[in-house]
1. Would you mind giving the average projected area, over all directions, of the Cα convex hull of the range 39-79 in nm² with one decimal?
2. How much length, in nm to one decimal, is gained on full extension between GLU75 and ASN61, taken as 0.36 nm per residue of separation minus their Cα-Cα distance?
3. For the range 85-91, take each phi angle, set θ = phi - 60°, evaluate the Karplus expression 6.51 cos²θ - 1.76 cosθ + 1.60, and give the result in whole Hz per residue in order, putting x for glycine and proline.
4. Order these by the 10 Å Cβ neighbour count, fewest first: GLU55, GLU114.
5. Pairs to check: LYS22/LYS66; LYS51/LYS99; LYS44/LYS95; LYS43/LYS97; LYS44/LYS99. Give those whose C-alpha atoms are more than 32 Å from each other in this structure.
6. Between ASP58, ASP79, ASP105, find the one with the highest GNM mean-square fluctuation for the chain; connect C-alpha pairs within less than 10 Å.
7. Show me, for the range 107-116, the HN-Hα J-couplings you get by feeding each phi into the Karplus relation (A = 6.51, B = -1.76, C = 1.60, θ = phi - 60°), rounded to Hz, glycine and proline as x.
8. Find, among the trypsin sites (Lys or Arg not before Pro) in the range 54-99, those assigned to loop by DSSP (not H, G, I, E, B) with at most 10 other beta-carbon atoms within 10 angstrom.
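Since every read-out is calculated from the coordinates, none of them should be taken as a lab result. What you are looking at is a predicted structure, and each value in this text was computed from that prediction instead of being measured. So basically every Cβ, Gly included, is an ideal-geometry build from the backbone, and we count neighbours across all protein chains shown.
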Amino acid sequence: MPFRIIGYDGASYRSQLLEERKEILPVMTIVLYFGTNRHWYGKKNIKGLMKIPEELNDYINDYEMKVFEIAWLTEAEIDRFHSDFKIVANFFVQKRKNKNYIPDDPTEIRHVDEVLKLLQVMTGD
């Protein structure tokens, strides 16, 4: 996965270079992990995926991806959201804690179609 992220970020920077922008904007790619059974278990950086001789380690650039484990967020972290994503995040946290969880969040969803499509894809339901 870290190599895919490098590809995405590199493509974004290349696109900016081809546009001959005066200022290159930073690219930030994040991974949203919705797993409820376990924490993210894959390597998050490229050095973790390669065998690098110790004497070369300082010369090899590492690239670490940012993974946000949605189902493992705390209540305080969820409360920081002010969009429909708060409902989505809460759903996955509750689903992790209770496999038989039936949504009962009274919060009005502003983007109903989009939220339902996301939940359908992520839950296979």
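1. Dividing the Cα hull surface by four gives the mean projection, 3.9 nm².
2. Details: separation 14, 0.36 × 14 = 5.04 nm, distance 3.57 nm.
Taking GLU75 through ASN61 to full extension adds about 1.5 nm, to one decimal.
3. 4, 4, 5, 4, 4, 4, 4
4. Ascending Cβ contact count within 10 Å gives the list GLU55, GLU114.
5. LYS51/LYS99
6. ASP58
7. 3J(HN,Hα) across the range 107-116, in whole Hz: 4, 6, 8, 7, 10, 4, 4, 5, 5, 5.
8. Qualifying residues, ordered by number: ARG80, LYS99.
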